[in-house]
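*Asks:* Got a structure for you, questions after.
The values are calculated or read from the model by the stated rules, or taken from the named source; none is laboratory data. Since we're looking at a predicted model, the values are computed, not measured. In this analysis, Cβ positions are derived from the backbone assuming ideal geometry, glycine residues included, and neighbour counts consider all displayed protein chains. Please note that ligands, DNA and RNA were not included when accessible areas were found on the heavy atoms of the full protein model with its side chains. Shrake-Rupley method; radii C 1.70, N 1.55, O 1.52, S 1.80 Å.
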Amino acid sequence: MYAESLDLSVASSPIQASLSALACDPAHSRGRRFAEAPAPTRNAFQRDRDRIVHSTAFRRLVYKTQVFLNHEGDLFRTRLTHSLEVAQLGRSIARALDLNEDLVEAVALAHDLGHTPFGHAGQDTLNECMAAHGGFEHNLQSLRVVDQLEERYPAFDGLNLSFETREGVLKHCSRAHAEHLEQVEPGGVGRRFIDRTQPSLEAQLCNLADAIAYNAHDIDDGVRSGLISMAQLLQVEMFAHYHQQTLAEHPGLSAKPRRLLYESIRRMLSDQVYDVIATTRQAVAHAGVTNADEARRSGPLVAFSPRMLARTGELKKFLFAQLYRHPQVMHTTGQAQQVVRELFEAYVAQPAEMPSDFAASADLHRSVADYIAGMTDRFAMREHERLTGFKLL
Ligand code: MG
């Protein structure tokens, strides 16, 4: 049976039972770049989330590196599982704060769509390759994916997402890029980087959920990989605290190191979530804002307490020094940089090696960057081997 013949008039999904006056309301969205009739059963943010889940870029996240290369182990986080964890944490916090869960989910699932293969090594190298051609920045690329690069709809490029979802996707942006965006879309998603205002509370929340997620899962993956030891981790105050707390309650876990690790991480995650909820409630009450736009004009409101911020800062520093800069990670990083650099040079020299729509673009360098950025780790490795004859990684 076709939808047109069904009566869906009362089926439209209700908004959450209780929604804060500071939450983004899909009924009052600033809308899409191309006007579309509302969906009969889903609000604007639910529809955004569904478009993201069905996109090609989203499926590619499963084969993109978070910290460890996709083929280094089946249980390490990839960009996809990372994004799902960010969505889970984000929704939990959103629900407790009566912020819009659907919007948080959409932003969380889309936040890493612009990431290159090979994690930050890929992004940094592509940025160097593009230095004379406008640079490359993964947040801006995530916006480019949802605005332009996805090809699914007859009437427009991209996914035509709501303003609020696009606002959340564009987490950072340089002044120069913001001014360019402002020219193309006056008063649009680039504006706040010029006015120095905040994004919605839902977008602020996603930023924090992102950090909570990777700090926790990088500990897990770091230990699993053998690159960081429990003894090293116990030098980090926050981890040591939950580790001792767990052992005091469950002494038997000293013989079960994985369960001890998971339980310590679980407690660490929960306390960060509770801390954000309590701190944000206080900040919102103190700011005296009464709607979503006033919240945007206020300072950042979704935050850790100073104490938790210091603790997570120490953990972040530890992970940076002991995991992200570990010689073994740096070795693969070096190879990944070589793959991206040589792919870039090869496509610029021979555009016909790319699919015809990329090869035909008027802006060849941007088109090469788009093509490489969209690749999964293993497709990039295969292409590199095909074009150079050398097998790296
Ligand atoms: Mg992320």
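*Asks:* Which aspartates and glutamates, on any chain, are close to K317 with Cα under 13 Å apart, when same-chain ones fewer than 8 places away are left out?
*Replies:* D218, E237
*Asks:* Starting from the 7 Å offset along Cα-to-Cβ, what nm value, one decimal, do you get for the label separation of R341 and S254?
*Replies:* 5.0
*Asks:* Each label point is 7 Å from the Cα along the Cα-to-Cβ direction; what then is the distance between the points at L309 and H331, in nm?
*Replies:* 4.0
*Asks:* Right, here's the next one. Less than 16 Å from a label point 7 Å out along the Cα-to-Cβ axis of H180: which backbone N atoms in the stretch 132-161 qualify, by residue?
*Replies:* 132-149
*Asks:* Rolling a 1.4 angstrom probe over the protein heavy atoms, how many square angstrom per residue are accessible across the chain?
*Replies:* Value returned for the chain: 47 Å² of accessible area per residue.
*Asks:* Compute the Cα gyration tensor for the stretch 206-281, then decide on rounded, prolate or oblate, letting a ≥ b ≥ c be the square roots of its eigenvalues: rounded whenever a/c is under 1.5, prolate when a/b is larger than b/c in the other cases, and oblate in all that remain. Write out the running numbers ahead of the final one.
*Replies:* Working: a/c = 2.33, a/b = 1.43, b/c = 1.63.
It is oblate, given that a/c is not under 1.5 and a/b is not larger than b/c.
*Asks:* Let me have the 222 nm mean residue ellipticity of the chain computed from DSSP H runs of 4+ only, each contributing -39500 (n - 2.57), with the sum over all residues rounded to the nearest 500.
*Replies:* Numbers: 19 runs with 226 residues, N = 393.
It comes out at -18000 deg cm²/dmol, rounded to the nearest 500.
*Asks:* Further question on the same structure: For the chain, what are the DSSP H helices with axial Cα length of 15 Å or more and mean Kyte-Doolittle hydropathy of at least 0.0?
*Replies:* Details: long enough: 79-97 (26 Å, 0.15); 119-129 (16 Å, -0.96); 201-225 (35 Å, -0.08); 237-249 (18 Å, -0.79); 257-287 (44 Å, -0.27); 306-319 (20 Å, -0.36); 327-349 (33 Å, -0.12); 377-388 (16 Å, -1.47).
Those that pass (Cα extent of 15 Å or more, hydropathy at least 0.0) are 79-97.
*Asks:* Report the FRET efficiency, 1/(1 + (r/R0)^6), for R281 and F390, where r is their Cβ-Cβ distance and R0 is 56 Å, rounded to 0.05.
*Replies:* Numbers: r = 56 Å, r/R0 = 0.99.
That gives a FRET efficiency of 0.50.
*Asks:* Now for a separate question. Return the distance in nm (one decimal) between the two label points of a simple spin-label model at I194 and N127, each offset 7 Å from Cα along Cα→Cβ.
*Replies:* Distance between label points: 2.4 nm.
*Asks:* Just subtract the alpha-carbon distance of H28 and A211 from 0.36 nm times their residue separation and send over the number in nm, one decimal.
*Replies:* On the way: separation 183, 0.36 × 183 = 65.88 nm, distance 2.93 nm.
Full-extension gain reported as 63.0 nm.
*Asks:* Report the Cα-based extents of the chain along its three principal axes, largest first, to the nearest Å.
*Replies:* 63, 59, 48
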